[in-house]
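Below is one structure, written out as structure tokens; the observations come after it.
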Amino acid sequence: MIPQYASALLISDLHLTPSMPLTAQRFFDFCEKEAPKVEAVFILGDLFEYWVGDDAAASSPFQQEVQRTIANLSTKVKTYYLHGNRDFLIGKSFIKKTGMTLLSDPSTVEIASQSWVLAHGDALCTADIGYQAFRHWVRKPWIQKIFLGLPLNWRKAIAQHLRSNSHSQYQAQQRPRSHQVKMDVTQQACASVIKDQSGNRLIHGHTHLPAHHEESLGAQNWQRWVLSDWDLDHPESLPPRASALLIDSAGARYLDLIKS
Ligand code: MN
């Protein structure tokens with residue numbers, strides 16, 4: 001049964017961390033102000049900068065605050081979450097405490113009487129062969145079990161190491177041109193997911209390249225909406241940005257959360 005809603009807000013790539021307090025505050029405000037006005041809120045991955053296990057949240061006041069905020073929102077509207085490449089270790093315990101429903105990647109939902117295919121986006125970046133090999137392994141349950149069995153400070157050290165490798169790649173403005181193709185989704189991967197899900201409207205995040213595209217490959221046509229990342233904490237190097245995709249009977253459009 002495909003979930004159906006008359007209106008929804010979709011966000012991704014907030015990369016929440018205590019070291020980005022303005023970004024976190026905008027998310028808390030979003031949960032109070034904009035989010036309760038629609039029927040459903042979808043978080044399409046990378047809500048957190050990193051996640052090393054639900055047990056770590058218990059000792060983090062910041063993660064507790066995010067948890068409480070989402071749990072409060074879940075009493076007002078339906079909330080969904082889909083794993084990103086940073087927080088794919090978010091487990092059943094955190095999901096349950098926030099009142100969200102976990103979606104598999106990709107998933108299809110119906111919003112405003114139209115079908116939408118939802119994905120984080122990292123699995124669509126098939127030109128990045130190294131990353132796809134990494135993803136293949138880290139998504140294996142037995143690998144995750146071994147990782148989650150390590151002491152918390154080991155897990156944090158590993159996460160820190162992985163982040164320092166990938167961080168600069170996803171700052172779109174600083175990306176060398178040769179890197180851009182590798183760090184973006186491929187048309188082949190989009191066409192394939194569109195076909196498997198029998199939809200022709202795709203929404204994803206991950207690439208930090210927010211835009212609406214009309215695309216085609218062979219006989220297939222689809223629209224692709226890319227969600228923005230959020231960052232209000234580095235105005236000296238990057239323009240502040242935060243937006244959500246709003247879908248209702250008037251169609252789909254971006255809601256700028258910096259100006260509003
Ligand atoms: Mn991502």
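The values are calculated or read from the model by the stated rules, or taken from the named source; none is laboratory data. This structure is a prediction, so every number in the text was calculated from the model and none was measured. With ideal geometry, Cβ positions are generated from the backbone for all residues, glycine too; neighbour counts draw on all protein chains shown.
Kindly establish whether F94 is closer than 27 Å to Q223 by Cβ, free of Cβ contacts under 8 Å to residues at least 60 places away in the same chain and of a type in the set (A, V, I, L, M, F, W, C). First the steps, then the outcome.
On the way: closer than 27 Å to Q223 by Cβ: no; free of Cβ contacts under 8 Å to residues at least 60 places away in the same chain: yes; of a type in the set (A, V, I, L, M, F, W, C): yes.
No, not satisfied.
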Practice task
Kindly establish whether I43 is surrounded by 21 or more Cβ atoms within 10 Å (Cβ to Cβ) and within 16 Å of the ligand (Cβ to nearest atom).
Solution key: yes
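Matching residues to (1) of a type outside the set (G, A, S); (2) surrounded by 12 or more Cβ atoms within 10 Å (Cβ to Cβ); (3) more than 21 Å from H120 (Cα to Cα):
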| residue | (1), (2), (3) |
| --- | --- |
| T207 | yes, yes, no |
| W222 | yes, yes, no |
| A244 | no, yes, no |
| A252 | no, yes, no |
| I258 | yes, yes, yes |
Practice task
Report, by residue number, each residue of the range 1-36 that is closer than 16 Å to P210 by Cβ and either touching a Phe, Trp or Tyr at 6+ places or on another chain (Cβ under 6 Å) or within 16 Å of the ligand (Cβ to nearest atom) (or both).
Solution key: L10, I11, S12, D13, L14, H15, T23
Practice task
Would you point out which residue out of L103, L82, L124 is in contact with a helix residue (DSSP H, G or I) (Cβ under 6 Å, 6 or more places away or on another chain) and within 16 Å of the ligand (Cβ to nearest atom)?
Solution key: L124
Handout entry: In the range 99-134, residue modelled with the lowest pLDDT [restricted to those that are acidic (D, E) and under 29 Å from K182 (Cβ atoms)]
Key = D128
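Rundown of residues vs (1) closer than 27 Å to L16 by Cβ; (2) touching a Leu at 6+ places or on another chain (Cβ under 7 Å); (3) among the polar types (S, T, N, Q), yes/no style:
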residue: I203; (1), (2), (3): yes, yes, no
residue: H206; (1), (2), (3): yes, no, no
residue: E215; (1), (2), (3): no, no, no
residue: S228; (1), (2), (3): yes, no, yes
residue: P235; (1), (2), (3): yes, no, no
residue: L238; (1), (2), (3): yes, no, no
residue: D256; (1), (2), (3): yes, no, no
Practice task
For residues that are without any contact (Cβ under 8 Å) to a residue 60 or more places away in the chain, within 19 Å of V185 (Cβ to Cβ) and hydrophobic (A, V, I, L, M, F, W, C), tally how many sit in the range 101-148.
Solution key: 4
Exercise for the section: Working carefully through the options K140, K96, K92, find the one that is farther than 23 Å from G199 by Cβ, modelled with pLDDT under 95 and more than 14 Å from the ligand (Cβ to nearest atom). Expected result: K140
